[in-house]
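Read through the structure below, which is laid out as structure tokens, and then see the notes.
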Amino acid sequence: MYDLITVDFDNERPMVSGRELYTALEIKTRYNDWFRRMCEYGFIENIDFKAITQKRVTAQGNKITQIDHKFSISMAKEVCMIQRNEKGKKFRQYFIAIEEMWNSPEMIMKRALQIANGNIETLMIENAAQQQQIAELQPKASYYDIVLNCKDLLPISTIAKDFGWSAAKLNSYLHEKGVQYKQSDIWLLYQKYAENGYTSTKTHTYDGLDGNTHSKVHTYWTQSGRLFIYELLKSDGILPLIEISKKEQ
């Protein structure tokens, strides 16, 4: 059901395009005339809707500027009721469902977290990184693991150079193999591999342009992880440059 019309959730409340709703309802009159008539029902600008300017190309190839309007879900619901037809009834039920979802306890809590943390994406990244850090601490280290962990941690770019690859290429390869996934701009291991001691995440702080101190999580590979990548590439017939050189001698 949730695909009848695009709903913009990047606001304080959900909104829809007036022109898109106008088209979906199959209104026969001109948009400007229809919108003006809808406003006669008492809708108020910047409360029920806001005007936006957008550019588009006509069928003749001409570039024009037109006015669209962002309707609140409440306004969209009333507009649909005013149409008094099956299309209007269908879309009104759709907007009621959107309202119920938006006002559910889960969504209210999610928005509260977003306000408290400034950015819900940051919260998700931190949570995913914390889960990986917990997984990294879970295995009981054997003597062999301790020896490996005593060696330096490596960024993915260093391992990639062993094979003559770029960091981006190796990251993409590991993603295609189902080893890691990208959460915003940080690569994290899937749970299947996160507990094997292949990586170690570190949090670095830095001063932002806004004058505040921020933090960023980076993933480094252990020597055990380096061997894992080596075996994975080797199974696909891909060898490090040093082994290729030895074969050619």
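The values are calculated or read from the model by the stated rules, or taken from the named source; none is laboratory data. Please read these numbers as outputs of a predicted model, since none were measured by experiment. As a convention, Cβ positions derive from the backbone with ideal geometry for all residues, glycine included, and neighbour counts pool all protein chains shown.
Before moving on, here are some points about what is shown:
- Members of region 6-34 found to be among the aromatic types (Phe, Trp, Tyr) and within 19 Å of the chain's Cα centre (by Cα), listed by number: Phe9
- Tally of residues being closer than 23 Å to Val16 by Cβ and of a type outside the set (Phe, Trp, Tyr) across region 55-74: 13
- In region 177-216, of all residues being part of a loop (DSSP other than H, G, I, E, B) and modelled with pLDDT under 75, the one that is surrounded by the most Cβ atoms within 10 Å (Cβ to Cβ) corresponds to Gly208.
- Number of positions in region 13-43 that are among the polar types (S, T, N, Q) and either buried (at least 18 other Cβ atoms within 10 Å of the Cβ) or closer than 16 Å to Lys89 by Cα (or both): 2
- Residue within region 84-104 that is modelled with pLDDT under 90 and under 30 Å from Leu189 (Cβ atoms) present: no
- Of all residues in region 120-176 being surrounded by 15 or more Cβ atoms within 10 Å (Cβ to Cβ) and not in a helix (DSSP H, G or I), the one that is modelled with the lowest pLDDT: Leu153
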